[in-house]
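One structure is given below, encoded as structure tokens.
FYI, it's all coordinate maths here, none of it is from the lab. Keep in mind that this is a model prediction, so the values were computed, not measured. Because the Cβ atoms are built from the backbone with ideal geometry, glycine has one as well, and the counts that use them run over all protein chains shown.
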Amino acid sequence: MDGNGRWAKKRGLPRAVGHQRGVEAVRRLVRALEPTELECLTLYAFSSENWKRSEDEVDDLMNLMRRFIKSDLPEFIANNVKLKIIGDWQSLAPDIVAMLEDALAQTANGKQTLAVALNYGGQHEIARAAAKAAAVGEVTIEAIAAHLDTADLAPLDLLIRTSGEIRLSNFLLWQAAYAEMLFVDTLWPDFEPAHLTTALDDFARRERRYGGR
Ligand code: FPP
């Protein structure tokens, strides 16, 4: 979900406003999830490297997360959205951890998954999974995959990055091995459900070979 800061800067607004508008884009997308029939939508909300940002910005992002869970949880439940969190989220502030645990429990029977990457880094995730696989003496692709945070999610098919940057920034590195990639110039706060529909149409036209011919 890249481009919140630039969206705000273009308008002479504080970065925090860009993040607030970023949350609104998330909300629009979650509301439009059902007809897409997507099994899972994963959003990169806070990376393990985002702690390097100013204390104010980190606080803003954590507060947005608190408010988002509080305000939108009833809607998730009503719309059969199952929340999933990936990353080292259990080391976030205790009140956020408690709030997330409650939200996970309350949405456990949902149909479509909204996975939120929080304090997430792909390299950390792979290292954690490899250590768990090694602990039981089985360092194979299957064993590592079984210990990833995403082990219970559908395979990653399409990875979209907004704001014109063409890099993965430590997002779902393992899972992206054969994923289709889409890099769009749209800044995240401007990302509409129609952009997702267009992305899915683009994905449907791709020919996937997984290394075969
Ligand atoms: C990247 O834009 C965005 C982030 C680091 C935060 C994304 C978070 C949200 C949209 C809000 C919280 C999410 C939820 C699910 C409630 P940037 O700030 O790096 O933008 P820039 O590259 O233009 O400066």
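Measuring between their Cα centroids, region 1-74 and region 185-210 lie 19 Å from each other. Remark: Met1, Met181, Met99 ranked as Met181, Met99, Met1, counting other beta-carbon atoms within 10 Å and listing the fewest first.
Rounded to the nearest 500, what is the 222 nm mean residue ellipticity of the chain from helices alone, with -39500 (n - 2.57) per DSSP H run of 4+ residues and division by all residues? Write out the running numbers ahead of the final one.
Numbers: 7 runs with 94 residues, N = 213.
Helix contribution divided over all residues of the chain: -14000 deg cm²/dmol.
Rounded to the nearest whole Hz, the Karplus-based 3J(HN,Hα) values (6.51 cos²θ - 1.76 cosθ + 1.60, θ = phi - 60°) of region 12-20 follow the sequence x, 10, x, 4, 4, 5, x, 5, 4, with x at glycine and proline. Springs between Cα atoms under 10 Å define the GNM used for the chain, and in it the highest mean-square fluctuation of Phe171, Phe203, Phe191 occurs at Phe203.
Is the chain rounded, prolate or oblate when judged by the Cα gyration tensor, a ≥ b ≥ c being the square roots of its eigenvalues, rounded requiring a/c under 1.5 and prolate requiring a/b larger than b/c?
On the way: a/c = 1.37, a/b = 1.16, b/c = 1.18.
Rounded shape, in that the Cα axes give a/c under 1.5.
For the chain, a Gaussian network of Cα nodes joined below 10 Å ranks Gly110, Gly137, Gly122 by mean-square fluctuation, and the top entry is Gly137. GNM remark for the chain: springs join alpha carbons under 10 Å apart, and the peak mean-square fluctuation among Ala25, Ala194, Ala16 falls on Ala194.
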